[in-house]
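The next block holds one structure in the form of structure tokens; read it before the comments.
The values are calculated or read from the model by the stated rules, or taken from the named source; none is laboratory data. This structure is a prediction, so every number in the text was calculated from the model and none was measured. Positions of Cβ are generated from backbone atoms using ideal geometry, with glycine treated the same way; all protein chains shown enter the neighbour counts. Just so you know, the surface numbers come from the protein's heavy atoms only, side chains and all, with ligands and any DNA or RNA stripped out. Shrake-Rupley method; radii C 1.70, N 1.55, O 1.52, S 1.80 Å.
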Amino acid sequence: MTLAPLLQAMSPLDLVALAVFAVAWLAYEPLIKLGARGRNVINTDMAVIRGAWMGAMARRDGRFMDSQLLGHALNSASFFASSHLILIAGAAGVLFGGEGAFKSASSLEVLKTSSRLLFEVQIALVLLTLARGLLDFIWAIRQMNYCLAVIGAAPQSEDTAFQAAYGDIAARLMNPALSAFNRGVRGYYFGLAAASWLFGPQAFVMVTLAAVSLLVMRQRRSPAARAIRDLRRLIE
């Protein structure tokens, strides 16, 4: 299939809206890190706090609490992954529902889809965002399992240099795991933004910008962000 029919099905405003979404979706995390320069956002501040956690884990005698805390995060990731599978199945059912699905959707006055091809592209974008989120959750689950093994393998040692090195290595494994979990959760925001395309390109742009604004606000200006920022300063 060539791109010509697809481009013909999309208006210039649809193309602009899709470009805005693509930039917001793919560039959000790199840009938020670049803008923060390692500080004053939840994700980067939490990386320091997790490092302190793993350092404390390496020093203490009993590590049951650490495994329990990580196990709770693992259960949360598994729940979200299961939810994503259900949403993906629903979106795929609509995408492959053929002419019947398109006629049912186009009969709704609130939906703005000019052709079956455009409708399929809109649903495919929702499916793509959900699939990316699912892959993030799966990768988070795998890495959390590795972290549990690291916690379980932590030896009893009085060597402070060894404890610090072990905690640093554990943190370098845990931070990517929970970062993948965060990306999966963020996928819900962009999945909703992608679904808003069904209501027209103007709604698509507005919801995308609203989702990014909400994410940035929660990362930098929410009460949780301020508390985590203060805790990082206290730890450091």
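Taking the criterion of being over 19 Å from the mean Cα position of the chain (by Cα) and touching a residue at least 40 places away in the same chain (Cβ under 8 Å), would at least one residue in the stretch 173-182 satisfy it? No - not one qualifying residue is present in the stretch 173-182.
The residues in the stretch 138-148 that are open to solvent by less than 70 Å² (accessible area, probe 1.4 Å) and either under 16 Å from residue 53 (Cα atoms) or in contact (Cβ under 8 Å) with a residue 60 or more places away in the chain (or both) can be counted, and the count is 5. For first residues located in the stretch 203-222 and within 15 Å of residue 22 (Cα to Cα), partners that are assigned to a helix (DSSP H, G or I) and among the aromatic types (Phe, Trp, Tyr) and lie 6+ apart or on another chain with Cβ distances below 7 Å form the pairs 204/21; 204/197; 208/21; 211/189; 211/190; 212/28.
When restricted to residues that are part of a loop (DSSP other than H, G, I, E, B) and open to solvent by less than 40 Å² (accessible area, probe 1.4 Å), the stretch 54-69 contains 1. Residues being out of contact with any Phe, Trp or Tyr (no Cβ under 8 Å at 6 or more places or on another chain), β-branched (Val, Ile, Thr), open to solvent by 20 Å² or more (accessible area, probe 1.4 Å) and part of a helix (DSSP H, G or I) are represented in the stretch 150-164 by at least one member.
Filtered by the rule that a residue be at pLDDT 90 or above, open to solvent by 30 Å² or more (accessible area, probe 1.4 Å) and of a type in the set (D, E, K, R), the stretch 22-53 gives no residues.
Please state which one of 218, 183 is surrounded by fewer than 17 Cβ atoms within 10 Å (Cβ to Cβ) and farther than 19 Å from residue 66 by Cβ. Steps first, please.
Working: 183 fails: surrounded by fewer than 17 Cβ atoms within 10 Å (Cβ to Cβ).
Just a single option satisfies the conditions, and that option is 218.
Scan the stretch 172-179 and tell me whether some residue there is surrounded by fewer than 19 Cβ atoms within 10 Å (Cβ to Cβ) and either β-branched (Val, Ile, Thr) or in contact with a His (Cβ under 7 Å, 6 or more places away or on another chain) (or both). No, there is no match, as no residue in the stretch 172-179 is surrounded by fewer than 19 Cβ atoms within 10 Å (Cβ to Cβ) and either β-branched (Val, Ile, Thr) or in contact with a His (Cβ under 7 Å, 6 or more places away or on another chain) (or both).
Please tell me if residue 90 is in a helix (DSSP H, G or I) and modelled with pLDDT under 90. Steps first, please.
Values: in a helix (DSSP H, G or I): yes; modelled with pLDDT under 90: yes.
Yes; evaluated as a whole, the condition is true for this residue.
Flag: residue 122 matches the condition of being touching a residue at least 12 places away in the same chain (Cβ under 8 Å), polar (S, T, N, Q) and surrounded by 20 or more Cβ atoms within 10 Å (Cβ to Cβ). If the condition is being open to solvent by 30 Å² or more (accessible area, probe 1.4 Å) and of a type in the set (Gly, Ala, Ser), then the stretch 125-137 contributes only 131.
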